[in-house]
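Encoded as structure tokens, the structure appears first; notes follow it.
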Amino acid sequence: MSSTDLLIVILENMGKNIIENKDYLTELDRVIGDADHGINMSKGFSAVNDKLGEMKGKDWGYILKNTAMTLISTVGGASGPLYGTAFLRAATVVDGKMDIDHEDVVNMFEQAIEGIKARGKSDRGDKTMLDALIPAFDALKAAYQNGLESKKAFQMAEDAALEGLEYTKTIIAKKGRASYLGERSIGHQDPGATSTYIAIRSIKETLEEN
Amino acid sequence: MSSTDLLIVILENMGKNIIENKDYLTELDRVIGDADHGINMSKGFSAVNDKLGEMKGKDWGYILKNTAMTLISTVGGASGPLYGTAFLRAATVVDGKMDIDHEDVVNMFEQAIEGIKARGKSDRGDKTMLDALIPAFDALKAAYQNGLESKKAFQMAEDAALEGLEYTKTIIAKKGRASYLGERSIGHQDPGATSTYIAIRSIKETLEEN
Amino acid sequence: MKKIINKSENVVEEMLEGMVKAHPQYLKRVEDSNVLVRQNSPVKGKVALVSGGGSGHEPAHSGFVGLGMLDGAVAGEVFTSPTPEQILKGIKAVDGGAGVLLIIKNYSGDVMNFEMASELAQMEGIQVEQVIVNDDVAVEDSTYTVGRRGIAGTILVHKITGAAAEKGFDLDDVKRVAEKTIKNVRTMGMSLIPCIVPAVGKPSFEIGEDEMEIGLGIHGEPGIRKEKIKTADQIAAILLNNILDDMKLEKDDEVAVMVNGLGGTPLMELYIVNNEVNKLLSEKGIKIYKTIVGDYMTSLEMAGASISLLKLDDELKELLDSKADTPAFRQL
Amino acid sequence: MKKIINKSENVVEEMLEGMVKAHPQYLKRVEDSNVLVRQNSPVKGKVALVSGGGSGHEPAHSGFVGLGMLDGAVAGEVFTSPTPEQILKGIKAVDGGAGVLLIIKNYSGDVMNFEMASELAQMEGIQVEQVIVNDDVAVEDSTYTVGRRGIAGTILVHKITGAAAEKGFDLDDVKRVAEKTIKNVRTMGMSLIPCIVPAVGKPSFEIGEDEMEIGLGIHGEPGIRKEKIKTADQIAAILLNNILDDMKLEKDDEVAVMVNGLGGTPLMELYIVNNEVNKLLSEKGIKIYKTIVGDYMTSLEMAGASISLLKLDDELKELLDSKADTPAFRQL
Ligand SMILES: Nc1ncnc2c1ncn2[C@@H]1O[C@H](COP(=O)(O)OP(=O)(O)O)[C@@H](O)[C@H]1O
Ligand SMILES: Nc1ncnc2c1ncn2[C@@H]1O[C@H](COP(=O)(O)OP(=O)(O)O)[C@@H](O)[C@H]1O
Ligand SMILES: [Mg+2]
Ligand SMILES: [Mg+2]
Ligand SMILES: [Mg+2]
Ligand SMILES: [Mg+2]
């Protein structure tokens, strides 16, 4: 399989997992937010899914940028611009490329994180998607530095994301709707960190299966 | 005890019984009306009660007229004008009288019924207070004609009122709020007939005790 | 019972005070009464309009006191008609010498109390006429019954009759316009969730999670039947068809539409209903001249809605369009 | 879930259609969008105001599109900010050449989507400025947080800023007025009964029969704390004191008061709250220049209320008083 075909399968699988977890994500958001995260994300990834056909054979930058624009123009809420920005920034790293290497992967994640931070004025510890994404990125980068392959590296990224996700239960939300709850947000898992964890797990799954 | 003093005791006892049955009357009205009959009647008879002191020593007409005016100006709803009119019409029969006879009693009831019919544009069989009051009046009149004393006559009036009350469960309401329910009013006892039954029972009780 | 109140005995008193404090430019309270009248009452030479009834229907009726609508509103206890004494105070406070028209919703209690007040006022030399609104097509109308209830259509009667009075029509003419409006207006309502009378503390009727009441009034009484809950489109069709069966509109007839919320139903749902009402009427070629959507005649926190249609002619259109300035209904 | 709807996916679409059909003299829909704009948009030479956000807050925001208030309102899904694409359509439809001011409620989602739309509009050569309403004193405001939410006070910002734009103020000046209003407005809310997002079908939070949520927003999120349910007077005092702790009013300061219902609370209760708010402010010597009571910024069928205070100066008073003509707010 070409690497751009693999990307399309990854996005397909990501969508499938997000949509399967629609109610779960919404329920998490009901408790400390406004009960729409699963609905928002499913809507976005359904729209992405509809466009994957046309993306076949296009380069990494094109596919990621189109994914980004689709998310931005269909999701709304906080997750739309944030996931959209993440994909958009990742796209800039791999513009025109039909194939990528480990360095590209690291750069894409780094840019995605920077994008979310800038758009969301947020950082690790705010109880957001960044609390799954940043640890995942750190683990991924370390794995590559230790010479591991992508399959193994994303396994480690998934583990770190899950740990980060668990950590969100223990902290006060400082950004997003959950922040309005103050202390009452403690004890509850962040929906956006959960969808990010699912996204990373989806990458690992696809890598394992292909 | 003078007969006007007896009237005051009757009104006192009527008030006591109505107020004791406030929730019961309201609950009956909740099912086929608007859940206020007990509240309305209690309010009216509390107000009457407050005025009984000043009425001491006055004639029958004065006492009944003042009771009527107090009910009209405090109760509201359908029962205010109807009970008010009933007492007002009864008052006209005994204006200026310090003592009354059986004929007066019969005339008072007759006038009260005519007043309700005229004011309410209603008649027996409409599932209203008249379905307790008219049978009670018929029984009372018959008892007097048969030479019975008031104590016994009101016992018979009470029995007839109770029978009329039971009868209201079997018919469709044609007047008052319950009429909007149409067929659905069948099976439920009319609140106004219930308060009328309680009023007649109160007269009998007072006669028995004095 | 979850309500933002103090003592249930005081809800009417505190509500009236809260209204006057919110709208001092529109309303003043008649001393020692539950009557709110226009700030500038009595308006000399103008026919005055008085309405009222039990409380719990807010903004009806005091919310419609002001230029182009009512002169005074008399508030009874929750769902209980006010007494003749109270109504008489209202009549006296607004009479500007050109007579007073009472706009009464057709309930035994309201009719009797207002009639008694009218008799008392006439005894004091005030010219008083009355009209009785009976727009609810859910209720059987026959000589053996009390006839139909007055519900949300009453607001359209307030609006149009108020405009006529404001224009300087005399008492007979104002009454004629009121009667024409009443003749031309029909309403039917439904409910999903009952209300709770504060002094009672219990829901006004029992209803299942998948049921609705069809054809109910505004006093918490149950409707004419229970049904399985239906979609907004189906509900709109049921209510509208009942109305149209009764009022016989023809193609190109012009109507005003009112989609009224009963208190607990959000505006979103009322607009969804209006969407279908509009579609159904358009399909029949009936022209919608004006649409009013909102909570105008409520039943405490009851969830539900009613639809009203008012058949218009040129006179009614002009009166419907004219200026109104009240706490709850304004039109430039 | 008891709602008068058809399919939960269609509530926003059908509501918008129902609004346009109810108010064709005020509103038109921008093609292929969830944007409602004034019937006569774009108004040449006038600064245009665009607001919006998730749906479920009706009449906010499209109910405030019209003379003296907004030019356009962008509706997202229920409680979900609209996308930049939608907002951009709104901006383009109302731009009359004098620039566009976006009035954004302070939620991460709204801010990000509106900002992205603003960037896109500027790339197309439209002058766009934005203000962010953050009136909810229940929320901690610090550099580490997203800051306060925008809730019912937003309506006062619409009113005053809209009046400034209607008077012909230029974009900078309209923005200045908006920012002054935002600086001067504070709100706090409470709830007795949660709402149900149609697509979710479950109450937005759990709450006991004797409990209330204090300090909550308008998206069904729980408040800052649960308390035993209190009387209307106590509730008014809690909300008002939180506001007054924050905004430091002095004797003889003049304010506008808004008692806003969250959708399921009847007007009766709002007036009862207003009665106490008025009393408490009067006791402190604070002058109430104007009071607005009703459902203006709702949260579906949530039962509850919020209180807003806006500190006034001469400029704000004049703008608050000036004419407005929209579906949900009219002033002669
Ligand atoms: N400023 C922010 N920075 C990073 N992530 C954020 C921010 N605000 C919200 N999020 C993420 O978005 C998630 C909520 O997304 P969603 O429910 O779709 O949007 P909304 O909050 O607008 O309803 C949160 O759980 C959180 O992870
Ligand atoms: N037209 C009428 N004629 C006789 N009795 C009536 C009439 N209308 C109502 N009633 C009586 O009044 C009772 C209801 O009184 P109440 O609940 O106090 O007034 P409302 O119906 O105004 O709420 C009914 O149960 C019925 O007995
Ligand atoms: Mg959310
Ligand atoms: Mg009753
Ligand atoms: Mg009653
Ligand atoms: Mg949301």
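The values are calculated or read from the model by the stated rules, or taken from the named source; none is laboratory data. From a predicted model like this one, the values you see are computed outputs, not experimental measurements. Counting neighbours? That spans all protein chains shown, and the Cβs are built from the backbone with ideal geometry, glycine included. To get the accessible areas, we keep the full protein, side chains included, count just its heavy atoms, and leave off ligands, DNA and RNA. Shrake-Rupley method; radii C 1.70, N 1.55, O 1.52, S 1.80 Å.
Got at least one residue in the stretch D:110-117 being away from every other protein chain (no Cβ under 12 Å), within 21 Å of D:A75 (Cβ to Cβ) and more than 16 Å from ligand 4 (Cβ to nearest atom)?
Looking for residues that are away from every other protein chain (no Cβ under 12 Å), within 21 Å of D:A75 (Cβ to Cβ) and more than 16 Å from ligand 4 (Cβ to nearest atom), one finds none in the stretch D:110-117, hence no.
Find the residue count for the stretch C:1-40, including only residues that are part of a loop (DSSP other than H, G, I, E, B) and either within 8 Å of chain D (Cβ to nearest Cβ) or without any contact (Cβ under 8 Å) to a residue 40 or more places away in the chain (or both).
Of the residues in the stretch C:1-40, 12 are part of a loop (DSSP other than H, G, I, E, B) and either within 8 Å of chain D (Cβ to nearest Cβ) or without any contact (Cβ under 8 Å) to a residue 40 or more places away in the chain (or both).
Checking the conditions here, which among C:S322, C:S282 is closer than 17 Å to D:G18 by Cβ and open to solvent by 20 Å² or more (accessible area, probe 1.4 Å)?
C:S282
In the set C:K180, C:K167, which member is at pLDDT 95 or above and more than 30 Å from B:G176 (Cβ to Cβ)?
One residue alone meets the criteria, C:K167.
For the structure I just gave you, tell me whether B:A86 is more than 11 Å from chain C (Cβ to nearest Cβ), crowded, with 20+ Cβ neighbours inside 10 Å and more than 16 Å from ligand 6 (Cβ to nearest atom).
Against the criterion (more than 11 Å from chain C (Cβ to nearest Cβ), crowded, with 20+ Cβ neighbours inside 10 Å and more than 16 Å from ligand 6 (Cβ to nearest atom)), B:A86 qualifies.
Exactly one of these conditions fails for B:A132: (1) under 22 Å from B:G176 (Cα atoms); (2) surrounded by fewer than 22 Cβ atoms within 10 Å (Cβ to Cβ). Give me its number.
Tallying (1) under 22 Å from B:G176 (Cα atoms); (2) surrounded by fewer than 22 Cβ atoms within 10 Å (Cβ to Cβ), B:A132 fails exactly one: (2).
Counting just the residues of the stretch D:121-133 that are within 28 Å of D:G217 (Cβ to Cβ) and surrounded by fewer than 19 Cβ atoms within 10 Å (Cβ to Cβ), which one comes out farthest from the other protein chains (Cβ to nearest Cβ)?
The first filter runs over the stretch D:121-133 and keeps only residues within 28 Å of D:G217 (Cβ to Cβ), leaving D:121, D:128-133.
Among the residues that remain, those that are also surrounded by fewer than 19 Cβ atoms within 10 Å (Cβ to Cβ) are: D:129-130.
Values: D:E129: 19, D:Q130: 15 Å.
By that ranking, first place goes to D:E129.
Going by what's in this entry, would C:E124 be described as of a type in the set (D, E), more than 16 Å from ligand 5 (Cβ to nearest atom) and over 19 Å from the mean Cα position of the chain (by Cα)?
yes
Would you mind stating whether A:S195 is assigned to a helix (DSSP H, G or I), closer than 29 Å to A:S3 by Cα and within 16 Å of ligand 6 (Cβ to nearest atom)?
Yes.
Which pairs have Cβ atoms under 6 Å, sit 6 or more apart or on different chains, and link a residue in the stretch C:171-191 that is touching a residue at least 60 places away in the same chain (Cβ under 8 Å) to one that is surrounded by fewer than 23 Cβ atoms within 10 Å (Cβ to Cβ) and of a type in the set (G, A, S)?
Pairs that qualify, where the first residue is touching a residue at least 60 places away in the same chain (Cβ under 8 Å) and the partner is surrounded by fewer than 23 Cβ atoms within 10 Å (Cβ to Cβ) and of a type in the set (G, A, S), are C:L171/C:G99.
Could you tell me whether the stretch B:50-72 includes any residue that is surrounded by 24 or more Cβ atoms within 10 Å (Cβ to Cβ) and within 16 Å of ligand 5 (Cβ to nearest atom)?
Yes, the stretch B:50-72 contains a residue that is surrounded by 24 or more Cβ atoms within 10 Å (Cβ to Cβ) and within 16 Å of ligand 5 (Cβ to nearest atom).
Where residues in the stretch A:166-191 are out of contact with any Ser or Thr (no Cβ under 6 Å at 6 or more places or on another chain) and closer than 18 Å to A:A78 by Cα, which of them is most open to solvent (accessible area, probe 1.4 Å)?
Quick first cut of the stretch A:166-191, residues out of contact with any Ser or Thr (no Cβ under 6 Å at 6 or more places or on another chain) only: A:166-171, A:177, A:180-188, A:191.
Now narrow it down to the ones that are closer than 18 Å to A:A78 by Cα: A:168, A:177, A:180-181, A:185, A:191.
Working: A:T168: 0, A:R177: 42, A:Y180: 6, A:L181: 8, A:S185: 0, A:P191: 9 Å².
Per the stated criteria, the residue is A:R177.
In the stretch B:74-102, how many residues are closer than 18 Å to B:S195 by Cβ and in a loop (DSSP other than H, G, I, E, B)?
4
Taking the stretch C:256-295 only, how many residues are of a type outside the set (A, V, I, L, M), assigned to a loop (DSSP other than H, G, I, E, B) and within 10 Å of another protein chain (Cβ to nearest Cβ)?
Looking only at that region, the number is 4.
Could you check how many residues of the stretch D:63-95 are more than 16 Å from ligand 1 (Cβ to nearest atom), open to solvent by less than 10 Å² (accessible area, probe 1.4 Å) and on the phi < 0 side of the Ramachandran plot?
11
Name the residue that is farthest from ligand 2 (Cβ to nearest atom), counting only residues in the stretch D:97-107 that are open to solvent by 10 Å² or more (accessible area, probe 1.4 Å) and at negative phi.
So the residue we want is D:A98.
Taking the stated definitions as given, is D:K46 over 17 Å from the mean Cα position of the chain (by Cα), away from chain C (no Cβ under 14 Å), surrounded by fewer than 24 Cβ atoms within 10 Å (Cβ to Cβ) and part of a strand (DSSP E or B)? Reasoning before the result, please.
Numbers: over 17 Å from the mean Cα position of the chain (by Cα): yes; away from chain C (no Cβ under 14 Å): yes; surrounded by fewer than 24 Cβ atoms within 10 Å (Cβ to Cβ): yes; part of a strand (DSSP E or B): no.
No; evaluated as a whole, the condition is false for this residue.
Right, B:M14: more than 17 Å from the chain's Cα centre (by Cα) and either at pLDDT 95 or above or under 17 Å from B:G120 (Cα atoms) (or both) or not?
No, not satisfied.
Given the options C:A165, C:A98, C:A60, name the one that is in a loop (DSSP other than H, G, I, E, B), over 15 Å from the mean Cα position of the chain (by Cα) and either away from chain B (no Cβ under 14 Å) or not aromatic (F, W, Y) (or both).
Just one listed residue meets the conditions, C:A98.
Looking only at the stretch D:138-160, how many residues end up being modelled with pLDDT of 95 or more and among the β-branched types (V, I, T)? Can you show your working first?
We begin by selecting, within the stretch D:138-160, every residue modelled with pLDDT of 95 or more; these are D:150-160.
Pick out the ones that are also among the β-branched types (V, I, T) and you get D:151, D:154-155, D:157, D:160.
So the count comes out to 5.
Condition first: within 11 Å of chain D (Cβ to nearest Cβ) and farther than 25 Å from C:M69 by Cα. Can you find one or more residues in the stretch C:303-315 that meet it?
Looking through the stretch C:303-315, at least one residue is within 11 Å of chain D (Cβ to nearest Cβ) and farther than 25 Å from C:M69 by Cα.
Of everything in the stretch C:140-162 that's touching a residue at least 24 places away in the same chain (Cβ under 8 Å) and open to solvent by 10 Å² or more (accessible area, probe 1.4 Å), which residue is farthest from the other protein chains (Cβ to nearest Cβ)?
Residues of the stretch C:140-162 that are touching a residue at least 24 places away in the same chain (Cβ under 8 Å), as a first pass: C:146-162.
When the remaining residues are screened for being open to solvent by 10 Å² or more (accessible area, probe 1.4 Å), the result is C:146, C:148.
Working: C:V146: 5, C:R148: 9 Å.
Looking at the filtered set, the residue picked out is C:R148.
Looking at A:V93, A:V31, can you tell me which residue is out of contact with any helix residue (DSSP H, G or I) (no Cβ under 7 Å at 6 or more places or on another chain), more than 20 Å from D:V111 (Cα to Cα), touching a residue at least 12 places away in the same chain (Cβ under 8 Å) and open to solvent by 20 Å² or more (accessible area, probe 1.4 Å)?
Sole residue among the options that is out of contact with any helix residue (DSSP H, G or I) (no Cβ under 7 Å at 6 or more places or on another chain), more than 20 Å from D:V111 (Cα to Cα), touching a residue at least 12 places away in the same chain (Cβ under 8 Å) and open to solvent by 20 Å² or more (accessible area, probe 1.4 Å): A:V31.
If the requirement is being within 24 Å of A:A178 (Cα to Cα), away from ligand 4 (no atom under 16 Å from the Cβ), open to solvent by 20 Å² or more (accessible area, probe 1.4 Å) and more than 14 Å from chain D (Cβ to nearest Cβ), which of these qualifies: A:E114, A:E149, A:E103, A:E110?
Step by step, each of A:E114, A:E149, A:E103, A:E110 is checked, and only A:E114 is within 24 Å of A:A178 (Cα to Cα), away from ligand 4 (no atom under 16 Å from the Cβ), open to solvent by 20 Å² or more (accessible area, probe 1.4 Å) and more than 14 Å from chain D (Cβ to nearest Cβ).
Based on this model, can you work out whether D:T298 counts as open to solvent by less than 30 Å² (accessible area, probe 1.4 Å) and part of a strand (DSSP E or B)?
Here the answer is no, as D:T298 does not meet what is asked.
Somewhere in the stretch B:88-97, is a residue touching a strand residue (DSSP E or B) at 6+ places or on another chain (Cβ under 6 Å) and more than 16 Å from ligand 3 (Cβ to nearest atom)?
No; the residues of the stretch B:88-97 include none that is touching a strand residue (DSSP E or B) at 6+ places or on another chain (Cβ under 6 Å) and more than 16 Å from ligand 3 (Cβ to nearest atom).
Report, by residue number, each residue of the stretch A:6-28 that is within 22 Å of D:P198 (Cβ to Cβ) and open to solvent by less than 40 Å² (accessible area, probe 1.4 Å).
Those that are within 22 Å of D:P198 (Cβ to Cβ) and open to solvent by less than 40 Å² (accessible area, probe 1.4 Å): A:I18, A:N21, A:L25, A:T26, A:L28.
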